[in-house]
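No lab work stands behind these numbers, since they all come straight from the coordinates. Since the model is a prediction, treat every value here as computed from it, not as a measurement. Cβ sites come from the backbone with ideal geometry, for glycine too, and all protein chains shown count toward neighbours.
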Amino acid sequence: MSSPWLPILKFVKRYKTAFRQALRPKADRRFAPVLVVLLFGIVSLVSIPLGFADEGHHGKRKWVTSWAASAHGPYPSGNAVAQPDLSFAFPSAQAGANDQTFRLIVRPNLWSDTFRLRFSNVFGTEPITLNDVFLGLQASAGTIVAGTNERVTFGGNSIVTIQPGEYLWSDAVDQSYVKHWTTRLLEGKKLAVSFHVVGTSGLMTWHAKSRQTSYVTNPGAGSHSQDVLDQAFPNSTTSWYFLDAVDAKASPDAFLVVALGDSITDGTASTLNGDDRWPDDLYRRLHARYGDKVSLVDEGIGGNQILGPAVYTPQQPFSGGPSAISRLDRDVFSLSGLSGIVWLEGINDLGANATADAVIGGIQQIVARIRQKRLKIVQATITSSVGNTGGDGAPQVEPRRQTINAFIRTAGIFDSVADFDAATVDPATGSLRAEFLVNSTLGTIDHLHPNRAGYLAMSATVDVNVLSPDDDRDEHDHDH
C-alpha cells in the first residue's frame, strides 16, 4: 500500500524552490502569499483519506466488487441458519414481498466515496418493481447514521422494474461522508441498503445463509427507506434478498479475489454477525498484505455442488442452488476487478454419490474456464466428513475424497494449493480434529462444518502472495 505521505513529499519536492524563497529568514514579503498557497496545498493533501490520496496520480479509478453474495434460488429454498420465523413477514412464498421495505446490512471489503448496487431477479417468475432505494452507513441494528442515507437511481430514475431472469446495476451513488474518514476508521463498518418493493414481488431471489442480521417491515407497510431509525422494521432475517453485489470505485491497481464454494465457504457454524468465516479471515490477511488495493467476496452457497443438479429452475429449485459450473459466469466472472479465485468444493457431490473421476473432471472443466479468463486459481483440498451421519459420511465418500485430494496436490494446474484437509484433519481418526468441532454454533456437531478455530486454520494455508495480479493480466474491469 502506498504511504499516505507520498503525495505530500512529491508536492514539497516539486515546489522546493518556492518553499526555500518563502521560508528564508529575510524573505521578501511578496512570497507571503506564495507560502500561504503552498501550506494550503499540504493541508489539502493531508485531509484526503487513505485510499483516495493517490487518485489522479495513477489514472482513472475503476469499479471493483466490494461485497457479493450468490443469488442461489427462490425463497424459501435454501439452507438458512439461525433464521427467525418469517411466516408473518412473508405469509406466502408465491406472493413474496408485499408493499414492504427491506433494510439489508452488508460489510464492504473495499471502501470508497462512490458505490453502485446490483439487484437480481434471476429466480423470479414475474417482474419486480423497486423504488426508494437508499444507501447509508449502519449505526446499529437497523438504524442509519444521520446524514449518510443517499438515494440510489437507475438511469436517473428512482423506480426500476427488473424482469424475470435478469439482474441490473444502479447508477453510481455518492457517499460523501467517506471523504472525511480514513479507511482505518471505516474498517468493520457496514452499509445499510434499503429498498421498497412496490406491490407484490412474486418468488423472491435470495441468499439464504447470510449469517448477518438484516431487517424487513411488515406486509403493506409501504416505503420506509428514508427512515433513519428502525421502528418500522420489526422483522429480522439472517438472509439477503434481491441484492447480490456492491461495487466500489477504487484505484486502478485494486483487485478482487472471489472465494467460491459450498456451505463451508458460506460460513455454516461460524458466528452470527461475527464475520469469521474462512473467507472473512482470508480477507483480513489479504488486507494486511495489500492494504486498500484488495477486496474479497464470498460466493459460497450452502449445499452447492460442482456438477449438480443437471437442471435448475425456479419452479423446481435445489436447496444447494445451481451447480458451480452453471453459476460461474454470473457469480464469478461478471464481478468487477476480478483477479483470482480461491475454491473449495466437492464434498456435496460425493455425498450425492458422484465418483472421484466425475468430481476431478468438474474441477478440470472449471479451471480451464478460469484459465481462459487469465485469472489465478488457488485450489483447496476437501476437508473430512468422517463421522457425519448423512450422505456426506457414507462409506464410499472417504476413499473418493482422498483420491480427489491426491489429484489436487499433484495436478500442477493451479497457481497454488491450500491444504485445508491437512490443516484440519485428525490423522488418528480421519475426521476433523476435536478442537475444530467443539462449541459449534450449529447446536450439534455434524463432523462436517468446522468452527471458528477450524476456519482460521484453513485460511492460514492460503498463500496470499500468489493472489497479487500480474501486470500483463486483464483487469476485468466491468462497466455494465
Once you put a point 7 Å from the Cα of ARG285 and another 7 Å from the Cα of HIS180, both along the Cβ direction, what distance in nm separates them?
-> 3.8
Simple Cβ-charge dipole of the chain, Lys/Arg +1 and Asp/Glu -1, about Cα centre, in debye nearest 20 = 2300
Would you mind calculating the gained length between ASP85 and THR403 on full extension (0.36 nm times residue separation, minus the Cα-Cα distance), in nm to one decimal?
-> 110.3 nm
Ordering of 105-113, 365-373, 419-427 by burial proxy (mean other Cβ atoms within 10 Å per residue, highest first) | 105-113, 419-427, 365-373
With helices defined as uninterrupted DSSP H runs, which ones in the chain have an alpha carbon span along their own long axis of at least 15 Å and mean Kyte-Doolittle hydropathy of at least 0.0?
-> 32-47, 356-372
Determine the gain in length on full extension of the stretch ASP357-ASP171; use 0.36 nm per residue of separation and subtract their C-alpha separation, reporting nm with one decimal.
-> 62.4 nm
Evaluate the distance, in nm, between pseudo-label points positioned 7 Å from the Cα of GLN365 and of THR410 along their respective Cα→Cβ axes.
-> 2.5
Unsatisfied cross-links (Cα-Cα over 26 Å) in the set LYS293/LYS373; LYS62/LYS179; LYS209/LYS293 = LYS209/LYS293
Sequence-distant aspartates and glutamates (8 or more away, or on other chains) whose Cα lies within less than 12 Å of LYS190 | ASP275
Taking the mean number of other Cβ atoms within 10 Å as a proxy for protection, how do you rank 93-104, 441-452 from highest to lowest?
-> 93-104, 441-452
Could you tell me which label, among (i) 89, 56, 41; (ii) 75, 50, 43; (iii) 90, 56, 45, carries the value of Cα extents along the principal axes in Å calculated for this structure?
-> (i)
Given H placed on each backbone N at 1.01 Å, which residues far from TYR167 in sequence or on other chains put an amide H within less than 5 Å of it?
-> ASN121
Computed helical MRE - 222 nm, the chain, DSSP H runs ≥ 4 contributing -39500 (n - 2.57), nearest 500 = -6500 deg cm²/dmol
Estimated vicinal HN-Hα couplings, Hz - the stretch 159-171 in sequence order (Karplus 6.51, -1.76, 1.60; Gly, Pro = x) = 10, 8, 10, 10, 6, x, x, 10, 9, 8, 9, 7, 5
Which FRET efficiency value, to the nearest 0.05, do you get for LEU272 and ASP329 by plugging their Cβ-Cβ distance into 1/(1 + (r/R0)^6) with R0 = 51 Å?
-> 0.95
What FRET efficiency do you get for ALA422 and GLN163 if R0 is 35 Å and r is their Cβ-Cβ distance, rounded to the nearest 0.05?
-> 0.15
Between the modelled labels at ALA394 and ALA146 (7 Å from Cα along Cα→Cβ) the distance in nm is 6.0
